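Asks: Sending over a structure as C-alpha cells; questions will come in a sec.
Any read-out appearing in this document is the output of simple, stated calculations on the displayed coordinates, not a laboratory observation. All values derive from a computational prediction rather than experimental measurement. We place every Cβ from the backbone using ideal geometry, glycine too, and count neighbours over all the protein chains shown.
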Amino acid sequence: MTTSHNRTAFVTGGSRGIGFGIAQSLAAEGWRLAINGMRPESDVQEPLALLRKSSPEVIYVRGDVSSSADRTACLQQIRSAFGQLHLLVNNARIAPRADADLLAATEESLSEMIDANLKGPYFLTQAVAKWMVEQRQADATFRGAIVNISPSSADLAPVNRGDDSMARAGIGMATKLWAVRLAEFGIHVYEIRPGMIATDITADSQEKFDRLIADGLTLEPRQGEPQDVGLAVAALARGEFSYATGQVIHIDGGMTIGRL
C-alpha cells in the first residue's frame, strides 16, 4: 500500500526506460513526482497515468536539461507545484547520433555528449543543491539526496562510443565533488551504474544481449529490468545507505567484475 510522506522527487528522463522504472519505485513509496522529458505532455499520458495510480501527485515538466533556460523553467514549475524538493535523480541522457571508432570521431559529437550528458546534469545539480541548502537552513530536519545514473560505459572502454563514455565518466567525478561540497548540509550524493537493462530503447539489440549473457558476460544469467535500478534508487532515497555518500553502486548483474 502506498503511504504518502509529503516528499518530492525530480526524475529527469522519467517517462520511459530506466527513468520510468525509477519513478515507479518512488511512486510506490508515496513520493510526489516531477517527471521530466522532452516529448510533449500529450505523448506521455500513459506513463503519467500509471504513476498517478500510486503517487499522491505527479506533474510533467518538459525541458532539455542541457539548456540553462529549460533547467530554470523546470525548477520553477516544481517550486510552484510543490514548494520543496528532496530528491534529484539525474537520469536523462542522449546517445550518440551514430557509433564512431575513435579514429573517426567528430568534435561535434563529443560536444553534444558533454553538453547533454555531463554539463546539463552538473548544472542542474548545482541549481537543485542551492535550493536544498536553502531548505536545510530553514529546517534542520530537512533531508536531501541526489542520485546520478551513469551507464556501465563509464567503467568500460567502448572504442566506438568514446564521446559518450568520456562524458559519462565525468559524472563519476561530479558525484564525488558534490558529495564533498554538500556533506555539511546533510545532503547525500550517490551514483548508480546500470549494466544491460531491458528497455524500449534497447529492444532492437535484444538478440545481441541474449547472446552475450549466454556467453557469460554477466554473473546473473539475465538482462536487468528498469525496476532493478528503481529499487536501488528508492533504497538510497529512504536513507538506507546514509554512511555511503559519494559512492558508486553497480546494478549490472556482476558484468563489470574483473575475472580471471
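Asks: From the C-alpha gyration tensor of the chain, pull out the three semi-axes of the equivalent ellipsoid (sqrt of 5λ each), sorted largest to smallest, in whole Å.
Replies: Ellipsoid semi-axes (Å, largest first): 28, 20, 19.
Asks: Continuing with the same structure: Nearest 10 degrees is fine. How inclined is helix 226-237 to the longest principal axis of the chain, computing both from alpha carbons?
Replies: 40
Asks: Can I ask one more? Read phi for every residue in the stretch 191-208 and hand back ³J(HN,Hα) as whole Hz from Karplus 6.51 cos²θ - 1.76 cosθ + 1.60, θ = phi - 60°, with x for Gly and Pro.
Replies: 10, 10, 10, x, x, 7, 10, 6, 9, 5, 6, 9, 4, 5, 9, 4, 4, 4
Asks: For an R0 of 41 angstrom, estimate the FRET efficiency from the Cβ-Cβ distance between Gln137 and Asp115 and round to the nearest 0.05.
Replies: So the FRET efficiency works out to roughly 0.80.
Asks: Just going by the charge dipole of the chain, with Lys and Arg at +1 and Asp and Glu at -1 on Cβ, which of Gly170, Leu219, Ser25 is farthest out on the positive end?
Replies: Sorting the options by dipole projection puts first Ser25.
Asks: FRET efficiency for Leu217 and Ser67, Cβ-Cβ distance as r, R0 = 30 Å, nearest 0.05?
Replies: Calculated transfer efficiency: 0.25.
Asks: Let me ask something else about it. Determine ³J(HN,Hα), in whole Hz, for all residues of the stretch 151-167 in sequence, where each value follows from phi through the Karplus function 6.51 cos²θ - 1.76 cosθ + 1.60 and θ = phi - 60°; x replaces Gly and Pro.
Replies: Going residue by residue, I get x, 4, 5, 5, 9, 9, 10, x, 5, 9, 9, x, 4, 5, 5, 5, 5 Hz, with x marking Gly and Pro.
Asks: Using 0.36 nm per residue, how much length does the chain from Arg259 to Asp204 gain when fully extended, once their Cα-Cα distance is taken away?
Replies: Roughly 16.9 nm would be gained on extension.
Asks: With everything on Cα atoms, drop me the angle between helix 17-28 and the longest principal axis of the chain, reported from 0 to 90° to the nearest 10.
Replies: With rounding to tens, the tilt is 30 degrees.
Asks: Taking Cα atoms, how many degrees apart are the long axis of helix 120-138 and the longest axis of the chain, rounded to 10 and kept between 0 and 90?
Replies: Taking the Cα atoms of the chain, the angle to 120-138 is about 30 degrees.
Asks: Name the chymotrypsin sites (Phe, Trp or Tyr not before Pro) in the stretch 174-247 that are in a loop by DSSP and that have at most 12 other C-beta atoms within 10 Å, would you?
Replies: Within the stretch 174-247, the qualifying chymotrypsin sites (Phe, Trp or Tyr not before Pro) (loop, at most 12 other Cβ atoms within 10 Å) are Tyr243.
Asks: Excluding Arg143 itself, what net charge comes from residues whose Cβ is under 11 Å from its Cβ, given Lys and Arg +1 and Asp and Glu -1?
Replies: Within the 11 Å Cβ shell, the charges total +2.
Asks: Expressed as a whole number of Å, what is the distance separating the alpha-carbon centroids of the stretch 163-195 and the stretch 118-141?
Replies: Centre-to-centre distance over Cα atoms comes out at 14 Å.
Asks: How many percent of all Cα-Cα pairs in the stretch 199-260 sit more than 15 Å apart?
Replies: Roughly 61 percent, once rounded to a whole number.
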